[in-house]
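The next block holds one structure in the form of structure tokens; read it before the comments.
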Amino acid sequence: MATSEEIVEALLDYQVQCNNNQRLRRMQRDWTRRLHFIAEDTGDVFTMEVVRGEIVSVGAGRWGEPDIVVTASSEDLCDMFWGDLNPSQKYLRGEIKVKASQEDVMRLDAITMIIWPET
Amino acid sequence: MKLRRQVPRRTVISSGAGLALATVAYTSNMQVASYVAGDSAWIAILTAGIISIFASFCFSELVGMYPTAAGIKLFIEKAFNERAALILAGLYVTISVFVVGAETYILSNVFQAAVPGVPMLFWIFLILTIIALMNIRGITLAGNAQDLTAYFMFASLLAVSLYALFRGGFALESPLQPGEPMGFLQAVAVGIFLYLGFEWVTPLVEEVTDFKLIPQGMLGAVGLLAVTYALFSVAMTSTVAKELLASTPIPHVLFAREIFGPVGVGFMLLMSLVASITTFNAGLMTASRFVYALSRDRALPVALSRLHPSYATPWAAILFLFLIAGTVSMAIYLTGAYKVLIFMGAAVECILYVVVALAVLNLRRREPGRERPFRIPGGPTIPVVVALIYGALLLLVFVPDPSNPGDAPEQLAALVTLVLTLAGIALYVFLGVPRLRAAYAARRAARRRRRPRRPKDTSAN
């Protein structure tokens, strides 16, 4: 079970990886969304704000109404943000659950694929 | 939980009904009518609709348990195993793309009827290219646009049907006597194809916060389709000779020309365009996303998960499906055997519904304690009935009808093509997928874990 601090640390690294990737920034340039990540085993909630492809804020807590809600175990969330997990595989097995449009689900997975193509 | 953007009930219904109402549906509507006497096809269409409602109950129970867009693959995997899930999901997506190919061919026929000087191959190429480019560009019909086009289509078809019946003084030929029981049952079996796609409402479960909208959406979609098809079928057969309608891929154009003259052809061209756009929109796009996801899951070659650098769309998967749909269109163009796709589509739907009904029963045994927001009332009765009925209809799709001897070669071709497609997918799942997965596992093992290890962290990569 990952702690809230570990997930925030992973989220901060994820933010740097995303924002420094020019290919990803170009691909997501029209994408503005608020995401909630829920760790179902601990009940912790994390919020991420994406504005025109740039992750402008991440952190613990629930802010505002989301466009996308991702629910997974705290371990899977942590591994996903560190790029150690293929989110598509977990999603297809029902271990990561998403509430969002099909386009947003794909864009979310695309982030991991662009940053860590080998996952 | 609330989402900033939520899909309302009307859009859930329009998505399911809009996808099922393709241009090829007019052709299959006449195929249904050719099995029964007089103007009684509406009985077979409504019967197929009622059976589809029972199937929708099975989908509702399963999607409630696994509320994800990957639902069909996921709940078959949970009920049986991953190989069964991959084979069935693969077959389902393949047939959906075949239907896109058939739809392109029929739409090209409509265009050729409206603009006779242009060769059909041009239309086939043009339509598929536009659809592929729209998909790669990420242009979709969504929300209000989806509602507007779908409901416009249904309202127009209902209005035209009523006008045609009124114009003919509601003079119908044996509307309550379908004729031979065997012919009627085969009409119901092929009638299943008319509803192909209503279950594509289920991926919307990720875009609604109230699960009840999914079962309601499926019911609404099937109801709307049943009434529209039934009325339209009676209107067509009571206006134009049934033999003439059943012998062409564009019966709706003949029907509209009979009522409105050249204006009718233009009207049906518009209706076909709208119907095809909604089908292509939902069909090809959802199929390409599924191919992308399977590629990311290393069940398909990794090249199929390539994304467009500007639009974040799975261009490689779209082109792959474009090639399959194009090949199917060409094959139909060269052979004229468009009915093969209708028989295959009906058969695959029957297979899917049998498996889904068995999945309901299996999961009740395997996961009795799992939360079910919707549970089919009456214990195992409805899933058992669904499995038996669709199993029987599956056989009937391929049984030659003495009153339609001309269909026998196409029924046989459909059976052979289906068996070969199924065998090809199964071979790939048993031989190809393990190799892809092994290569992926080797690459993963060589990769360093990025997550920092904690002093007490014992978890492995």
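Rule-based calculations on the coordinates, nothing more; no lab input. Here the structure is a predicted model, which is why all the values come from computation and not from measurement. Note that we place each Cβ from the backbone using ideal geometry, even for glycine, and neighbour counts take in every protein chain shown.
Observations on the structure shown:
- Of the chymotrypsin sites (Phe, Trp or Tyr not before Pro) found in segment B:191-229, the ones in coil according to DSSP and having at most 15 other Cβ atoms within 10 Å of their Cβ are B:Phe211.
- Rounded, prolate or oblate (a/c below 1.5 giving rounded, otherwise prolate when a/b exceeds b/c) for segment B:198-342 by Cα gyration tensor: oblate
- Taking every lysine pair in the protein assembly as shown that is 8 or more places apart or spans two chains, those with Cα atoms closer than 24 Å amount to 16.
- Average beta carbon contacts from partner chains per residue of B:198-207, 10 Å cutoff: 2
- Under the Karplus curve 6.51 cos²θ - 1.76 cosθ + 1.60, θ = phi - 60°, whole-Hz ³J(HN,Hα) for segment B:305-318, x wherever Gly or Pro sits: 9, 5, 10, 5, x, 9, 9, 6, 9, x, 4, 5, 5, 5
- Per-residue Karplus couplings for segment B:74-86, computed as 6.51 cos²θ - 1.76 cosθ + 1.60 with θ equal to phi - 60°, are listed in order as 5, 6, 6, 5, 5, 7, 10, 7, 5, 4, 4, 5, 5 Hz, Gly and Pro entered as x.
- Top positive-direction residue, dipole computed over segment A:4-115 with Cβ charges, set A:Thr112, A:Gly94, A:Ser74: A:Thr112
- Given +1 at the Cβ of Lys and Arg, -1 at the Cβ of Asp and Glu and no other charges, the dipole of the protein assembly as shown around its Cα centre is 1500 debye to the nearest 20.
- Excluding exposed DSSP-loop trypsin sites (Lys or Arg not before Pro) (at most 11 other C-beta within 10 Å), longest clean stretch of chain B: B:5-447
- Residue by residue along B:308-319, Cβ atoms of other protein chains within 10 Å of the local Cβ number 3 on average.
- Qualifying GluC sites (Glu not before Pro) for segment B:76-184 [loop in DSSP, other Cβ within 10 Å: at most 14]: B:Glu173
- This ranking places A:Cys18, A:Cys78 by how few other beta-carbon atoms lie within 10 Å of each, fewest first, which gives A:Cys18, A:Cys78.
- For chain A, calculated [θ]222 nm from helices alone, where every DSSP H run of n ≥ 4 adds -39500 (n - 2.57): -12500 deg cm²/dmol
- Whether chain B is rounded, prolate or oblate, judged on the alpha carbon gyration tensor where a/c under 1.5 counts as rounded: prolate
- Here the spin labels are modelled as points 7 Å beyond Cα on the Cα-Cβ line, and at A:Leu12 and B:Leu244 they lie 7.8 nm apart.
- Rounded Å value of the spacing that divides the Cα centres of segment B:5-71 and segment B:166-232: 5 Å
- Annotation note: chymotrypsin sites (Phe, Trp or Tyr not before Pro) in segment B:275-321 located in DSSP loop regions with a Cβ neighbour count of at most 15 within 10 Å are B:Tyr311.
- 3J(HN,Hα) along segment B:152-164: 4, 4, 5, 4, 5, 5, 5, 5, 5, 4, 4, 4, 4 Hz, from the Karplus curve 6.51 cos²θ - 1.76 cosθ + 1.60 with θ = phi - 60°, whole Hz, x for Gly and Pro.
- With contributions of -39500 (n - 2.57) from each DSSP H run of at least four residues, the per-residue ellipticity at 222 nm computed over chain B stands at -24000 deg cm²/dmol.
- Only beta bridges with both residues in the protein assembly as shown are counted; by DSSP, about 75 percent of them are antiparallel.
- Other protein chain C-beta atoms within 10 Å of residue C-beta, averaged over B:397-409: 0.
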